[in-house]
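The values are calculated or read from the model by the stated rules, or taken from the named source; none is laboratory data. As the structure is a computational prediction, the values presented were derived from the model and not from experiment. Glycine gets a Cβ as well: all are built from the backbone with ideal geometry, and neighbour counts include every protein chain shown.
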2 protein chains.
Amino acid sequence: MKIAAQQPAASPAEPQPGDIPVEVFRQAMHRVADMIADYLSNVAEYPVVPRISPGDVRRALPPSGPAAAEPLDAILDDYQRLIEPNTTHWNHPGFMAYFANTGSAPGIMGEALAAALNVNAMLWRTGPAPTELEGLTCDWLRQWMGLPAEFKGHINDTASIGSLLALGAARARLRDLQIRQKGMAGRPELPALRVYASEHAHSSIDKACLTLGVGLENLRKIPADQAYRMDPAALAAAIAEDKAAGRRPMAVVATVGTTSTTSVDPVPAIAELCRREQVWLHVDAAYAGVAAICPELRAQMPGLEQADSLVTNPHKWLFVPVDCSVLFVRDEHALKEAFSLVPEYLRTSESRVTNLMDLGVQLGRRFRALKMWMVFRAFGLEGLQARIRGHCGLAREFAAWVEAEPGFELCAPIPFSTVCFRATPPMPPAAQNDFNERLLAAANSDGSFFLSHTKLGERLVLRLCVGNLRTSRELLRTAWRVLREKCAELRG
Amino acid sequence: MKIAAQQPAASPAEPQPGDIPVEVFRQAMHRVADMIADYLSNVAEYPVVPRISPGDVRRALPPSGPAAAEPLDAILDDYQRLIEPNTTHWNHPGFMAYFANTGSAPGIMGEALAAALNVNAMLWRTGPAPTELEGLTCDWLRQWMGLPAEFKGHINDTASIGSLLALGAARARLRDLQIRQKGMAGRPELPALRVYASEHAHSSIDKACLTLGVGLENLRKIPADQAYRMDPAALAAAIAEDKAAGRRPMAVVATVGTTSTTSVDPVPAIAELCRREQVWLHVDAAYAGVAAICPELRAQMPGLEQADSLVTNPHKWLFVPVDCSVLFVRDEHALKEAFSLVPEYLRTSESRVTNLMDLGVQLGRRFRALKMWMVFRAFGLEGLQARIRGHCGLAREFAAWVEAEPGFELCAPIPFSTVCFRATPPMPPAAQNDFNERLLAAANSDGSFFLSHTKLGERLVLRLCVGNLRTSRELLRTAWRVLREKCAELRG
């Protein structure tokens with residue numbers, strides 16, 4: 001077959017333009033190194049949340065991209081002028097909202113080097129060291145967390161994806177249903193599938209269920225006890241009810257460190273039930289799981305070793321820059337059964353290697369293990385433990401102040417580094433919620449710290465999470481002083 | 001409620017250990033800057049694919065993580081000794097396998113800065129500048145590609161996820177089926193859902209279909225013509241047949257730049273059919289879409305503006321480090337209908353803002369727009385166009401050499417920068433395939449370049465893709481010389 005190239009001709013003698021000249025880059029990258037070091041030194045001078053309105057940043061930038069190349073220094077100038085001041089500073093010592101985290105120094109170095117390598121480790125062959133380092137560093141974490149040797153870990157961008165993959169594997173394990181091949185719609189013989197999770201489970205479980213076609217209604221939210229932990233008796237009853245009605249239990253999701261209160265579902269009792277019912281047990285330990293590297297905290301989350309899958313995020317509380325979420329599975333083959341597909345162009349001659357593309361939805365894989373390796377080594381296990389313990393200690397101190405203060409109350413136990421609390425002015429419940437919402441806004445307007453909120457039952461409560469390496473006792477004192485002052489002002 | 005903290009007490013007077021001291025980091029980061037600049041200068045000295053065996057890297061590293069902290073310089077030494085030499089070098093001028101890409105200098109700077117900010121832009125409030133820069137830079141790309149103003153773009157990690165989201169939106173648009181809420185199993189009233197794509201569509205479409213519960217069997221692979229383009233008449237017949245059988249067409253995926261040959265499905269004819277049948281049209285333009293910034297190449301992919309959704313990867317052929325895949329949708333509300341879920345703790349007071357978490361599965365969002373912004377500005381539209389044109393020109397030159405050489409043949413048209421070709425020794429077809437597979441291995445063993453393969457019908461063919469900014473005409477000449485020499489040797 002003779003095939004004329006279809007394109008308009010260009011002069012073959014033209015030199016090909018390439019990347020930015022290396023020495024120009026070298027100089028700019030040294031400036032970047034200083035910009036980052038300066039940022040980490042001075043980030044506390046920014047308000048945590050910038051005082052801007054939607055659209056402000058976009059209006060300050062050209063509506064269309066530039067026709068001609070611009071100098072790297074001009075771009076970095078604009079970064080310093082328009083971007084850095086106008087983001088919310090997750091690396092700020094005062095960031096104590098949601099789950100506070102840290103993009104630590106060694107992690108930043110790892111990300112820069114990974115971008116330079118620009119590896120796509122979809123196959124062992126396309127990224128041997130990245131593939132093996134991912135397996136190895138996940139195994140270091142496994143050992144540190146006290147998980148069994150059969151647990152194999154790999155890295156995804158988010159726990160949202162980790163939980164989606166785990167539930168996908170759970171669905172594939174219902175082999176008789178042949179869902180991978182035949183799908184779920186137009187099959188009158190299929191039973192409804194059910195997933196069970198605490199009423200405090202994270203919204204990513206809802207998203208996984210809607211994505212997989214299980215449907216939001218088939219995610220049964222199991223009631224929790226007064227300490228916000230899933231009630232295993234209610235779970236057992238729900239499963240029995242569903243089975244009696246001809247529905248098929250697909251998976252149970254136990255949460256270890258719920259988003260609202262960091263409560264810990266009773267995994268041993270849940271696991272026993274799952275074994276008896278032969279239902280996949282996924283543990284969502286996105287925040288708290290990594291704290292299992294401290295034996296005394298691991299003791300607060302018994303049963304992790306009984307999971308079929310477990311997701312935990314080194315980008316949350318192990319100081320690795322986002323994104324870095326580890327999914328452990330007891331039987332890696334179950335993941336492959338669910339997701340592996342090898343088209344001809346990706347067939348390689350290496351046998352018995354892990355090809356990361358076989359473990360999930362995404363073909364493309366960044367070299368995320370590099371930053372995790374650098375963080376693990378730069379701090380060491382003891383250093384990581386000391387920092388997590390320090391955060392728990394600070395949270396405990398803050399909780400003690402709240403507990404001792406008339407007009408405030410703690411709203412949940414504090415197993416880790418997150419405190420739920422609120423003001424209790426003498427007013428009806430709805431007005432109390434409104435009061436706390438105004439208190440949160442007033443306190444956050446100080447700018448030196450940033451808290452978030454949640455709802456527990458009908459109560460709106462404030463949340464303070466210690467997870468940033470720069471958060472100090474002094475700053476907690478400031479936050480507590482501002483909260484009390486604003487509370488007094490609002491009470492008038 | 002009085003709640004005693006559950007943790008073992010620690011001395012409150014202990015100082016909290018923090019991040020690596022900034023000045024220690026500053027020095028190490030300057031070393032990283034030089035390491036990266038040196039790597040970009042010298043990467044061609046490595047073989048593209050390292051000459052190691054599975055397990056070599058892992059055996060060279062400790063099986064357990066370190067107890068104590070290690071100095072940053074020791075970690076960087078190990079990186080240089082064990083990691084850098086043992087990865088496949090996607091940033092190598094000789095990387096011409098799969099879809100060659102580039103982690104360009106400005107993109108590396110952007111990744112380093114993004115890691116320092118460590119933003120999770122799940123909400124506008126948690127990342128105002130990141131959220132707005134993502135909207136803006138995607139709009140710059142939209143304008144450059146000549147797409148209509150109603151197309152809204154956002155960034156995902158991979159086209160695998162972009163296509164999954166697009167098909168999820170297509171499923172949600174079948175509103176009468178209420179799949180988000182009720183799921184797909186255990187509902188005898190639901191018809192089977194069908195997705196249509198060319199037999200040359202990417203495996204990510206298969207993965208999306210199995211993930212969404214559509215089922216691999218319900219992804220109908222439509223035959224292609226001799227130039228590997230989907231046959232619209234066959235598509236129309238398949239849809240008619242399915243409808244007659246009571247199945248429900250959910251989406252058509254047209255590929256613009258297939259993985260094997262970069263062929264372009266006839267989008268205008270497919271779009272017309274989709275409009276008539278009211279079926280969602282997703283365009284997978286992961287590789288070729290970005291080339292639409294060159295008007296003469298855009299002319300080779302008419303109809304993009306008629307898509308309901310379109311995915312294209314700046315991390316493939318627009319010199320942005322992995323990961324950076326843009327999903328454009330005509331009706332952003334359709335994505336939100338499919339995926340938005342706002343739990344209480346993420347409710348914010350800003351109205352009418354984009355919260356990126358509403359557009360997909362993943363809650364966590366890295367600041368990927370920063371690197372894209374830096375690349376777009378550092379090269380400018382004209383610079384990006386010149387580089388893409390240069391790559392197409394090089395591919396055309398290589399193709400001309402193949403075409404002129406007895407004993408070799410081109411195997412597909414060359415609309416962009418990817419050439420499919422093979423040796424044609426006088427032997428039976430199966431032996432020819434085996435010959436080409438051995439030729440590929442022999443040529444790649446040279447180390448100065450790396451090609452991949454695919455299958456077209458029964459023929460195994462070699463693929464050469466020009467997409468790295470460092471690839472030179474000289475290197476192509478080397479590859480061609482080595483290929484001919486190895487071919488002669490193998491023919492004996």
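Data for the structure
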| quantity | calculated |
| --- | --- |
| Listing of strands (runs of 3 or more DSSP E) fully contained in region A:180-269 that carry 3 or more residues being under 24 Å from A:Thr418 (Cα atoms) | A:248-255 |
| Within region A:360-383, considering residues that are closer than 22 Å to B:Asn101 by Cβ and part of a helix (DSSP H, G or I), the one farthest from the other protein chains (Cβ to nearest Cβ) | A:Ala369 |
| Test: residue in region A:55-62 that is at pLDDT 95 or above and buried (at least 19 other Cβ atoms within 10 Å of the Cβ) | yes |
| Any chance B:Ala97 is in contact with a Phe, Trp or Tyr (Cβ under 7 Å, 6 or more places away or on another chain), within 30 Å of B:Ala286 (Cα to Cα) and either at the interface with chain A (Cβ under 7 Å from one of its Cβ atoms) or among the polar types (S, T, N, Q) (or both) | no |
| A:Arg387 vs. criteria facing chain B (nearest Cβ under 7 Å) and crowded, with 19+ Cβ neighbours inside 10 Å | yes |
| Filter result (among the polar types (S, T, N, Q) and either over 27 Å from A:Thr471 (Cα atoms) or not in a helix (DSSP H, G or I) (or both)) within region A:38-94 | A:Ser53, A:Ser64, A:Thr87, A:Thr88, A:Asn91 |
| Evaluation of B:Asp157 against (1) in contact with a helix residue (DSSP H, G or I) (Cβ under 8 Å, 6 or more places away or on another chain); (2) within 8 Å of chain A (Cβ to nearest Cβ); (3) more than 27 Å from A:Gly447 (Cα to Cα); (4) buried (at least 24 other Cβ atoms within 10 Å of the Cβ) (one fails), failing number | (1) |
| Considering residues of region A:51-73 that are more than 8 Å from chain B (Cβ to nearest Cβ) and of a type in the set (Gly, Ala, Ser) only, the residue nearest to B:Thr126 (Cα to Cα) | A:Ser53 |
| Odd one out for A:Gln178, checked against (1) within 7 Å of chain B (Cβ to nearest Cβ); (2) over 21 Å from the mean Cα position of the chain (by Cα); (3) not hydroxyl-bearing (Ser, Thr, Tyr) | (1) |
| Filter result for B:Phe398 (under 20 Å from the mean Cα position of the chain (by Cα), among the aromatic types (Phe, Trp, Tyr) and either assigned to a helix (DSSP H, G or I) or facing another protein chain (nearest Cβ under 7 Å) (or both)) | no |
| Breaking point among (1) in contact (Cβ under 8 Å) with a residue 60 or more places away in the chain; (2) over 26 Å from B:Ala286 (Cβ atoms); (3) aromatic (Phe, Trp, Tyr), for B:Phe435 | (1) |
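Conditions tested, residue by residue: (1) over 30 Å from B:His315 (Cα atoms); (2) surrounded by 24 or more Cβ atoms within 10 Å (Cβ to Cβ); (3) more than 19 Å from the chain's Cα centre (by Cα).
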site: A:Gly127; (1), (2), (3): no, yes, yes
site: A:Leu164; (1), (2), (3): no, yes, no
site: A:Ala169; (1), (2), (3): no, yes, yes
site: A:Leu174; (1), (2), (3): yes, no, yes
